[in-house]
Amino acid sequence: RVAVIGVKGRGDAHISYFLKMQDVEIVAIADVDPNVVEGALAKIEKASGRRPVHHTDVRKLMEDKSIDAVSIATTNQTHSLFGIWALQAGKHAYIEKPMSHNVFEGQKVVEAQKKYGKVVQHGTQSRSMKVMRDAMAFLHSGALGKVKLARGFCYKQRKSIGSFADGEAPKGVDYNLWLGPAPVRPFNKNRFHYNWHWYWDYGNGDIGNQGVHELDKARWGINKQEMPSSVQSIGGRLGYKDDAETPNTQIGIADYGDVQIIFEVRGLDTDPFKAGADKAASLKVGNTFECTEGTLVAPTYSSAIAYNPKGEVVQKFGGGDDSMHVRNFLDAIKANKPEMVNATALDGHLSSSLCHLMNISFRVGTPKPLATEKAFEKSETGDDAFSRMKSHLKENGVDLGTTNYVQGRKLKIDPKVEAIVDDPEAAK
């Protein structure tokens, strides 16, 4: 018996996944917007013959002891909070990405999962897809040698969201509940459905939206189960002016000492990244793993290809769909084995924290002219990405001579205690 919290967008996808499962009954939903509720209720009733209960206040849903598990597909600032409430109420929790809105929250979900012993699955569904599981096993086998650099890409065009005056919330919407732990402020349509991703109070930008998938796969590929020793990020909201706060152009580097992750966000129109020895592979969203004996390119959730140093195909990988992740969650519940999930609370926390740390570096950064030659502290890989970023911006009409970007500070991190050191402003 499951409940879906937040039924627009990803929440609607969760409903579709659960409806495919013969051993699941969707008994309740929660959403503060009545304008999206009826469609969800009707969809469930049509497919299952049963109409679930609707709660406006998720806390009432948590009181229902007959509910075994919840899936959480709300705004980012409530992901961890609702997940912890579910665990405290004796329920298992599927928490959409990113698992947390900040590093501290992720730490608390990990603690709560250990304390209450319930199943937590993070919504990075690539972890359950055959294509990625096979590709990662191949990578970890050493077939391509040692991974030197993991790249992640989110080249997704994001047009200006414009500017709107504050106003009244849509009829029936409990805006105070929607805000949750976020600061109180007047309603603005630009901060509501979907566009909330681009405001720090509720979202984490595209690096914490699409990007957390690629950062999770990058960390999986380099086989690290701790935070990096340093992080630096640069970028800005470039090419247009609108109400949003998060960068539409961003580069972040996470350094683990023996290997690095570099991640790129481009929200303006762009050509794909060319990968592999012969640059024949291209991707806009996905990952590459540059190894001592070749390259693994994973341009989508459904395919991955390994190349040797000459650019010749060594092996191809495929298979799987999103519903496998939900199935894995349900199987872990039925077996009462939280360790069975493919994306644990710790996985969700560590991968989400990469997004948060890169954003922190950016947010405590300093404006610098785009005409600057170097943007990163002692990183040829970063400066190469910066050079490509500037060419990309120029192609989109951005004047490099008069436009500033934000050069984020390099943050030193103590992975043992998961804390930023020697930078009180960033740590706060």
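The values are calculated or read from the model by the stated rules, or taken from the named source; none is laboratory data. All values derive from a computational prediction rather than experimental measurement. In this analysis, Cβ positions are derived from the backbone assuming ideal geometry, glycine residues included, and neighbour counts consider all displayed protein chains. Quick note on the areas: whole protein, heavy atoms, side chains included, nothing else; ligands and nucleic acids left out. Shrake-Rupley method; radii C 1.70, N 1.55, O 1.52, S 1.80 Å.
The single condition among (1) surrounded by fewer than 17 Cβ atoms within 10 Å (Cβ to Cβ); (2) touching a helix residue (DSSP H, G or I) at 6+ places or on another chain (Cβ under 6 Å); (3) of a type in the set (V, I, T) that I29 does not satisfy is (1). Name the single residue, out of those in segment 59-83 being more than 22 Å from H197 (Cα to Cα) and without any contact (Cβ under 8 Å) to a residue 40 or more places away in the chain, that is most open to solvent (accessible area, probe 1.4 Å). Among them, the one singled out is K65.
Please indicate, with yes or no, whether at least one residue in segment 345-359 is without any contact (Cβ under 8 Å) to a residue 12 or more places away in the chain and either under 19 Å from M21 (Cα atoms) or not basic (K, R) (or both). No: segment 345-359 contains no residue that is without any contact (Cβ under 8 Å) to a residue 12 or more places away in the chain and either under 19 Å from M21 (Cα atoms) or not basic (K, R) (or both).
Residue by residue, here is whether (1) modelled with pLDDT of 95 or more; (2) more than 20 Å from G83 (Cβ to Cβ); (3) of a type in the set (A, V, I, L, M) holds:
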site: R1; (1), (2), (3): yes, no, no
site: I5; (1), (2), (3): yes, no, yes
site: V27; (1), (2), (3): yes, no, yes
site: D33; (1), (2), (3): yes, yes, no
site: A42; (1), (2), (3): yes, yes, yes
site: E45; (1), (2), (3): yes, yes, no
site: R51; (1), (2), (3): yes, yes, no
site: S66; (1), (2), (3): yes, no, no
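Output the residue which, of all residues in segment 262-299 that are touching a residue at least 24 places away in the same chain (Cβ under 8 Å), of a type in the set (D, E, K, R) and assigned to a strand (DSSP E or B), is most open to solvent (accessible area, probe 1.4 Å). Step by step, filter segment 262-299, then rank; the result is E290. Considered as a group, the residues in segment 240-249 that are over 17 Å from the mean Cα position of the chain (by Cα) and within 16 Å of P367 (Cβ to Cβ) include one that is least open to solvent (accessible area, probe 1.4 Å), and that residue is E245.
Sub-6 Å Cβ pairs linking a first residue in segment 5-26 that is without any contact (Cβ under 8 Å) to a residue 60 or more places away in the chain to a second residue that is outside any helix (DSSP H, G or I) and among the charged types (D, E, K, R), at least 6 apart or interchain, are E25/R1, ordered by first then second residue. Contact annotation: residue pairs with Cβ atoms under 7 Å, 6 or more positions apart or on different chains, pairing a residue in segment 406-428 that is under 18 Å from I234 (Cα atoms) and open to solvent by 30 Å² or more (accessible area, probe 1.4 Å) with a partner that is in a loop (DSSP other than H, G, I, E, B) and of a type in the set (A, V, I, L, M, F, W, C), are Q407/A375; R409/V364; E425/V364. Of the listed requirements (1) of a type in the set (S, T, N, Q); (2) buried (at least 24 other Cβ atoms within 10 Å of the Cβ); (3) farther than 20 Å from V326 by Cβ, T56 misses just one: (2).
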